[in-house]
Structures are given as C-alpha cells and as structure tokens.
1. Most exposed first by the Cβ proxy, i.e. fewest other Cβ within 10 Å, how do M99, M29, M136 rank?
2. If you take the beta carbon distance between R62 and T7 as r and set R0 to 22 Å, what does 1/(1 + (r/R0)^6) give as a FRET efficiency, to the nearest 0.05?
3. Taking amide hydrogens as modeled 1.01 Å from N in the peptide plane, which residues meet the under 5 Å criterion relative to N85, leaving out close sequence neighbours?
4. Mind grabbing the base-10 log of I(q)/I(0) for the range 60-133 at q = 0.12, 0.18, 0.28 Å⁻¹? Debye formula, identical points on the C-alpha positions, no solvent, two decimal places.
5. Between E147 and A72, what is the FRET efficiency for a Förster distance of 30 Å, r being their Cβ-Cβ separation, to the nearest 0.05?
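Nothing in this text is a laboratory measurement; each read-out follows from the coordinates by a stated rule. Remember, predicted model here, so these are calculated numbers, not experimental data. Positions of Cβ are generated from backbone atoms using ideal geometry, with glycine treated the same way; all protein chains shown enter the neighbour counts.
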Amino acid sequence: MIFAFATLSALLQACTPAVSADTMRAIVMVESRGYSYAISDNTTRVVYCVPGGRIYPCGRERATAIAEGAIAQGHSVDVGIAQVNSGNFRSFHVSAANMLEPCLNLRVGGAILTSAYRSSISRFAEPREALWHAIMAYNTGSLYVGESYVHSVVDAATTYGEIATVPSVTLLEKHQARFQPEAAVTVGDRRIRRDTRNRAPIADARSSPLAALSGFGAQARLVGAGQSFQPVVSR
C-alpha cells in the first residue's frame, strides 16, 4: 500500500507530532518511497514489497510472513514505511506485524529520530548542524557517518512544515556539516565509528535499543484500549 502525498501528510501530522512533517516525509520517501509494506533484509540485501523489489505487490499478510521469516533466521530486517529495524522491536514492545501499521511505524521512527536529535543538539548547539547529524544517526547509528544519506533526505524534502521538537529539514538546504577525522572501533562483533575527539561511539539507532544513543535512554509503552504509542526519552 502506498500513500498519496496529501494522505501521507495528514498521517505524519497525526502520528509524529514531535517531528516536522516535511522532515519525516523526506525520510519516508528515501526509506520506503511511501510503501507501508516495504521490507528490507539487511543480511541478504534483498528488498521486498516495493516496485522493483522481490515479490511485489504484497498484501499485509504476505509482508508479515516475509519479515517474520527473515527475523526467525536471525536476519536484520527493516520494516514498514519508516523502515524501523527489527533490533528495536523488543525495546518498543512491537512486532513485525504491527510495524506494518503505518501510524505506529511512524511513531516509532519519529521517536528514534527525536532521540537522535536530542543527542545531537547536546553536541552541536546550532540547530541545522544538530539536525544534519541526527539524520545521519537515523540511517547509520553514528552522528558522524552518512552524509550522502542526509543529502538524499534534503533532496526529498518539501519546503513547508512547521518546526516542532525536531526542526524542519529545510534548515539543511544550504548547510554543509563540518566533520572531524574518525577512527574505526570494534564493539562486540560490530565495527562502528567514533571521532578522534574521544566522543563515545554511537550504536545503530535503528538496530539497537535507543539507550545506546549518547546517554539518552528510551523506553516506549503501548497504552489504552487502542494501544496508542507513547515514547519516553530520558537521560
């Protein structure tokens, strides 16, 4: 299922109120092109349920089966409209099946981006620079790796949207981030990046619990009969 522009805009305003709609819309267009059943198997590098991907079109049941099958094999899988990684499911108390529900998926993705922005603004006081690095972290888990991804998001952005907790991506249109040299480090069996100013390494924001983001822990709870999502971010 793909959303028309107007429908997606309304959905973003309802489901990710803390994130400027144009920012999240741009991320959605880069991540899934607006296809709510998009599945990306990072282990096999195969994409499903989008035009040009394997197995298209997909209904929700088929997409759920694909995602659950890959996760059962131990694969890292990005699911849904904001491509939330399966590594976040436990900390957000969600599953592959309900990550194919667009509003809940956007709320989780918005919470991940918000946490990354709060981490970034504590290091980069200028909002454009902080947003630039937060979007990098949304994609790579590092505040210092992924400049090409940010350029893709800026290219996909529209020129309207009110600034919310995470400001509008249009702030970045003429911004060039200033980068410091980086060194590769190993944590467990994963190689990640950190800069040479002795900042702590940043784990992948979408494949690890949000507590890994620079001292900001994150929890989430589903509350009420409608199982609405409430992110909780704390130091």
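1. Values: M99 30, M29 19, M136 25.
Ordered by Cβ neighbours within 10 Å, fewest first: M29, M136, M99.
2. Details: r = 22 Å, r/R0 = 1.01.
Using R0 = 22 Å, I get an efficiency of 0.50.
3. V79
4. Log10 I(q)/I(0), no solvent term: -0.39, -0.71, -1.19.
5. Numbers: r = 35 Å, r/R0 = 1.16.
Once the sixth-power term is evaluated, E becomes 0.30.
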